[in-house]
Amino acid sequence: MDLKKLANALIPDKDLLSIEEYEKIYPERQLAPKAEVTRLAPSPTGFIHLGNLYTGLANERLAHTTDGVFYLRIEDTDEKRKVDGAVESVIRSLKYFGVAFDEGAEIDSPLNKYGPYYQRQRAKIYRAFAKDLIERGFAYPCFCTEDELNAVREKQTAEKQTTGYYGKYAKCRNLTEDEIYKNLAEGKKFVIRLKSQGNIENKSLFRDAIKGEITVTENDQDIVILKSDGIPTYHFAHAIDDHFMHTTLVIRGEEWIASLPVHIELHKVLGFKLPRYAHSSSLMKMDGETKRKLSKRKDPELSLDYYRKSGYFPLAVVKYLMTLLNSDFEEWSLKNPDADYRDFKFRIEKMSRSGALFDLDKLNDVSRTEISKLSAEQCFDFLNGWVQEFGTDGDRAHFKDKEYIIKILELIMGIGGKKRRKDIERAEQGVRFIDYFFDDTFAPEYSYRFDKQTVNTVIDGFIKTYDIADDNNAWFAKVKAIAPSVGFASETSEYRANPEAFKGSVSDVAEILRIAVTGMANSPDLCTIMRILGKERTIMRLKKAKLN
Ligand code: GLU
């Protein structure tokens, strides 16, 4: 058969470059000898999830700890399953978690010399290679219809055979030249298939950079490489892209191990060197007593939007994933609590071979610790970021007054003080904790433990002497001074020595004032709260809090 003629008949494009010319367009990268070139290559068929961030982070770390390159490629060959907004979600999410690409789709970078980074925009390159494979006898046209393929699959299933297009089932593999041209003349639709050279009897050892040695069986499936619309399949496209983008290491989910035989054969027939592959184990969770994979359907925590919406501190999510990715990260982190996680020497050898257990309680722990390390300014930025996207209109109005919020945060988070608050794990909690500083969200419950006469006397007594200029000592002296007017002890020690002699003590006076001003029996330092609220607002609250 004249294969050159066949290739021209099947792929008549006049504007394809030669393989050599493509090689010149995408020359070797000039990088240090051990530099890794890695990528995140999502298909925009759904929303990016924790698993993508997990492997994305590993790829990013390996590129950036070796002075390499981490790039974003969009594998959009499957138009039917495309989901609007998926690409934006990848970019926004990775940015939110501080995982930075050096080049790629939608990345504004002078390094973008290996694009386009959307596979659909690279159709010509794939067609040039498909044509070359046809000319060399490694690919052929297949005219089977959807119905015919379904019938074969049903038969295979019934006979308990492996499904697919291979061996005796690969009908079009043996079409004669006449049959092919007759089909073409009739305008029959066709796809281009790989003419597999493999035999499933042949098994060999393959070195996976995470799993170690694994046994792989040769591929014998004549997989589709170009679909009838001329667009490649993911398998074909990704091999060509990894070659031209000079990927050195592919870290991806272990669900891709099943495709490894096809990928190995494709690289072989295309004449490419295989990148190193590293198949990472899936994220698992405990469901009662059993360990299972995180599932899209059952586990909202698999979606990355879950973390943004719930207001997790992004660095905490990243650090937690680092503990799952590298078994010695946690220890390093404990020894270097203030170090940037990027200073940790990430090693692929330390990645877990079996499923990593994802535990929300542990993540919450890391989140609390990270939030407790923020400066007031960082804390404002974090909460404000969440408020702008997910808060109420009221929250957004509150956050316009940055100076006021910073003062509140310093107080309630204990910033600059001796004791940092360590119970805030998510932005929303933090935002709700400051609600009582604003009149529109101040919803007090006046649950005093004393009668009307006592409460009102305390409040009136305080209003009479209150001076916003008082320091904490002067303020407390005034609180003490009120105690005798309601039969309370001015000193706690006095009260403890003789509790029957008093209705209460100075701390009960403070509690009444606290409930009046904050609506709560427990709060951070009340004198400071009053100073932040200002004289007018404090007095107004005190007056409103009297019982009638
Ligand atoms: N596009 C594939 C995915 O959606 C990428 C697989 C790979 O990394 O080779 O996950």
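Results, tabulated for the structure shown:
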| quantity | calculated |
| --- | --- |
| Filter pass, Lys24 being over 26 Å from Met284 (Cα atoms), open to solvent by 10 Å² or more (accessible area, probe 1.4 Å) and at pLDDT 95 or above | yes |
| Residue that is surrounded by 19 or more Cβ atoms within 10 Å (Cβ to Cβ) and over 22 Å from Tyr234 (Cβ atoms), where the choices are Ile134, Ile125, Ile180 | Ile180 |
| Residues satisfying the stated conditions in the stretch 375-396, i.e. touching a Phe, Trp or Tyr at 6+ places or on another chain (Cβ under 8 Å) and either in contact (Cβ under 8 Å) with a residue 40 or more places away in the chain or surrounded by fewer than 17 Cβ atoms within 10 Å (Cβ to Cβ) (or both) | Phe382, Leu383, Val387, Gln388, Gly391, Gly394 |
| Criterion violated by Gly230 - all others in (1) within 27 Å of the chain's Cα centre (by Cα); (2) more than 13 Å from the ligand (Cβ to nearest atom) satisfied | (1) |
| Members of the stretch 217-227 that are within 16 Å of the ligand (Cβ to nearest atom) and of a type in the set (S, T, N, Q) | Asn219 |
| Lone unmet requirement of (1) of a type in the set (Gly, Ala, Ser); (2) within 16 Å of the ligand (Cβ to nearest atom); (3) on the phi < 0 side of the Ramachandran plot for Gly104 | (3) |
| Index of the failed condition, Thr518 passing every other in (1) over 22 Å from Lys418 (Cβ atoms); (2) at pLDDT 95 or above | (1) |
| Any hit, the stretch 208-216, residues being closer than 26 Å to Ala58 by Cβ, more than 15 Å from the ligand (Cβ to nearest atom) and within 28 Å of the chain's Cα centre (by Cα) | yes |
| Entirely in the stretch 211-302, the strands (runs of 3 or more DSSP E) that have 3 or more residues that are of a type outside the set (A, V, I, L, M) and under 30 Å from Arg122 (Cα atoms) | 276-280 |
| Complete set of residues in the stretch 489-519 that are touching a helix residue (DSSP H, G or I) at 6+ places or on another chain (Cβ under 7 Å), closer than 23 Å to Phe442 by Cα and of a type outside the set (Ser, Thr, Tyr) | Val509, Ala510, Ile512, Leu513, Arg514, Ala516, Val517, Gly519 |
| Scope the stretch 357-381; condition assigned to a helix (DSSP H, G or I) and under 16 Å from the mean Cα position of the chain (by Cα); matching residues | Leu360, Leu363, Asn364, Val366, Ser367 |
| Complete set of residues in the stretch 36-95 that are farther than 22 Å from Arg120 by Cβ and free of Cβ contacts under 8 Å to residues at least 24 places away in the same chain | Lys95 |
| Looking only at the stretch 44-90, and only at residues there that are out of contact with any strand residue (DSSP E or B) (no Cβ under 8 Å at 6 or more places or on another chain) and open to solvent by less than 20 Å² (accessible area, probe 1.4 Å), the one that is nearest to the ligand (Cβ to nearest atom) | Glu75 |
| Conditions (1) modelled with pLDDT under 95; (2) touching a Leu at 6+ places or on another chain (Cβ under 8 Å): number failed by Ile424 | (2) |
| Residue within the stretch 463-473 that is without any contact (Cβ under 8 Å) to a residue 24 or more places away in the chain and either within 21 Å of Leu547 (Cβ to Cβ) or touching a Gly at 6+ places or on another chain (Cβ under 7 Å) (or both) present | yes |
| Residue selected from the stretch 25-43 under the condition part of a loop (DSSP other than H, G, I, E, B) and closer than 11 Å to Thr247 by Cα, by the criterion nearest to the ligand (Cβ to nearest atom) | Glu36 |
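For every residue, the table says whether it meets (1) buried (at least 20 other Cβ atoms within 10 Å of the Cβ); (2) within 12 Å of the ligand (Cβ to nearest atom); (3) within 21 Å of the chain's Cα centre (by Cα).
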{"site": "His238", "(1), (2), (3)": "yes, yes, no"}
{"site": "Ile251", "(1), (2), (3)": "yes, yes, yes"}
{"site": "Trp256", "(1), (2), (3)": "no, yes, yes"}
{"site": "Ser259", "(1), (2), (3)": "no, yes, no"}
{"site": "Phe272", "(1), (2), (3)": "no, no, no"}
{"site": "Arg276", "(1), (2), (3)": "no, no, no"}
{"site": "Met284", "(1), (2), (3)": "no, no, yes"}
{"site": "Lys291", "(1), (2), (3)": "no, no, no"}
{"site": "Lys296", "(1), (2), (3)": "no, no, yes"}
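The values are calculated or read from the model by the stated rules, or taken from the named source; none is laboratory data. As the structure is a prediction and not an experimental result, all values here were calculated from the model. Positions of Cβ are generated from backbone atoms using ideal geometry, with glycine treated the same way; all protein chains shown enter the neighbour counts. Heavy atoms of the whole protein, side chains included, go into the accessibility calculation; ligands, DNA and RNA do not. Shrake-Rupley method; radii C 1.70, N 1.55, O 1.52, S 1.80 Å.
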